[in-house]
Amino acid sequence: MFISVFDIFKIGIGPSSSHTMGPMVAAARFLQALRDKDLRPARVVASLHGSLAFTGKGHASDRAVFLGLLGHEPATIDPDAVDDDLDRLARERRIHPPGLGDIAFDPETDLVFDYGPPLEGHANGMIFRALDEQDQPLLEMTLYSVGGGFVVDTEELAAHQSDAPETAEPGVPHPFRTAKEMLAMGKAGGFTIEQMKRANEIARDGGADREADLDAGLDRIWSVMNACLERGLSREGTLPGGLKVRRRARDIHAKLISERGNNRGFQHTVMDWLGVYAMAVNEENAAGGTLVTAPTNGAAGVVPAVIRYYLDHCPDAGREGIRTFLLVAAAIGGIIKSNASISGAEVGCQGEVGSASAMAAAGLCAALGGTNEQVENAAEIALEHHLGMTCDPIGGLVQVPCIERNAFGAVKAVTAASLSLRGDGIHFVPLDSCIETMRQTGIDMTDKYKETSKGGLAVNVVEC
């Protein structure tokens, strides 16, 4: 399956791509299925299973389902302008989807958090049901949120999890699915990874005349990322959810600004800049703001933090470098998603912040002129040193340890890029082997360490 740069980098809202954006997309997909089948239900109900149930309250999964049934989409929703819709739903207990008439839906009783065994196939399962006037079933639809805002049905999930080799993507000039294939195609044709990814995107989007649209889309991604970062640097107060976590990015940023020009400054202060950029994004994510999956919401701070580091601290940085960064990062993210997972509910946080760090390391290395082999090496270094990382959010909220974890993912990404650029690209562990190790580690990892808040920090820290 071809994974576009716009699949990896999706505009949406916080706090979670799999638990917020995914359920919103799933609800909209269910409504479209009703339209396609020309069904007019009297009532709809839904249930959340597995990780979606255990951490759904903290991730606002219920709110996401409501908003999806009300017709909102992650890419266009204004998080500051939906409360009226939710209040109206609570009063009327009805939805009015275009083309489907008036349908009963009580947000208090018609969405169930099922804390039993997860649905077979994936930890993030949802079931939507359409009922007639006698509460008899008209349609039942099982959907899975598999990370990064991707939603699949049972048949699509089976195809994704199949061990059968995938056929080459039609119409794509460089159909690499692994890092080994990517390097071989680049070497055979004399192409950089950026050139191959760009050619694939243009071919899938309608031909050479679409290159300007591709660049405009990449610029839009960075614009939204940077706007989120800037909002995070300007806001203060306490994050929602009950943990009383205080925003820190604004204060840290102010201190860094005040220290500029100080002759007694430390060289390692650059790591503070990386950290505050990442924290700013993930504080906005925790507050339910607009951001870009990279490749998920929980890991959304790493890539923009490293791009800002590139712009603010690297000579000759500019727009073309950002486009290269995003295309190469998306190429690595697509390889990881195709061969392992970017879902914390599936493989733990190694699949979220680990993947983000690998993507950012590769993107930075490419933007700084690294060879294809150095880019692959950078991604491998960053991912290798996130292997085994669990997902254990306290209170089911994307706050602790998630916000600081993005800061460390950004620092590791820059370190990995720097180490790879100091070498010649020859290294011991191939990226593909590292990705396979992450997949196997995720399989072996117990569910309590995979975004269920049933283990780790989530049970060993008293909520205040």
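The values are calculated or read from the model by the stated rules, or taken from the named source; none is laboratory data. Everything numeric in this text was worked out from a predicted model, so none of it was measured. Cβ atoms come from the backbone with ideal geometry, glycine included; neighbour counts cover every protein chain shown. All accessible areas refer to the heavy atoms of the entire protein, side chains included, with ligands and DNA or RNA removed. Shrake-Rupley method; radii C 1.70, N 1.55, O 1.52, S 1.80 Å.
Per-structure values
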| quantity | calculated |
| --- | --- |
| Accessible area in the full protein assembly, largest first, 1.4 Å probe, for THR437, THR238, THR142 | THR238, THR437, THR142 |
| ASP135 - accessible surface, heavy atoms, 1.4 Å probe, Å² rounded to 10 | 80 |
| If the convex hull is drawn through the Cα atoms of the range 234-298, its volume per residue in Å³ | 102 |
| Estimated FRET transfer efficiency when R0 is 45 angstrom, pair ALA75-ARG422 (beta carbons, to 0.05) | 0.70 |
| Cα point-scatterer Debye curve for the chain, base-10 log of I(q)/I(0) at q = 0.09, 0.10, 0.12 Å⁻¹ | -0.57, -0.70, -1.01 |
| Charge-dipole axis of the chain as Lys and Arg at +1 and Asp and Glu at -1 on Cβ define it, positive-most pick from PHE266, SER355, ILE307 | PHE266 |
| For the range 303-310, Karplus couplings with θ = phi - 60° (6.51, -1.76, 1.60), whole Hz, Gly/Pro x | 4, x, 5, 6, 5, 5, 4, 4 |
| Spin-label model distance (nm) - VAL429 vs HIS313, 7 Å beyond Cα toward Cβ | 2.4 |
| Full-extension gain in nm, MET1 to HIS268, via 0.36 nm per residue minus C-alpha separation | 91.9 nm |
| Protein-only accessible surface order, largest first, of HIS385, HIS49 at 1.4 Å | HIS385, HIS49 |
| Probe 1.4 Å, protein heavy atoms only - accessible area per residue of the range 322-364 in square angstrom | 7 |
| Where labels lie 7 Å past Cα in the beta-carbon direction, separation of ASP132 and SER223 in nm | 5.0 |
| Heavy atoms of LEU139 accessible to a 1.4 Å probe, total area in Å² rounded to 10 | 30 |
| Computed helical MRE - 222 nm, the chain, DSSP H runs ≥ 4 contributing -39500 (n - 2.57), nearest 500 | -15500 deg cm²/dmol |
| Scaled radius of gyration (Cα, divided by 2.2 N^0.38 Å) that the range 301-369 gives | 1.13 |
| Accessible surface, 1.4 Å probe, highest first, among residues PHE428, PHE6, PHE266 | PHE428, PHE266, PHE6 |
| Histogram of C-alpha separations across the range 1-155, 5 Å bin width, % | 2, 10, 20, 23, 21, 15, 7, 2, 0, 0 |
| Potential lengthening between ASP444 and VAL172 on full extension [0.36 nm per residue; Cα-Cα distance subtracted] | 94.4 nm |
| Potential extension, ARG248-ALA216 segment - 0.36 nm per residue separation minus Cα distance | 8.2 nm |
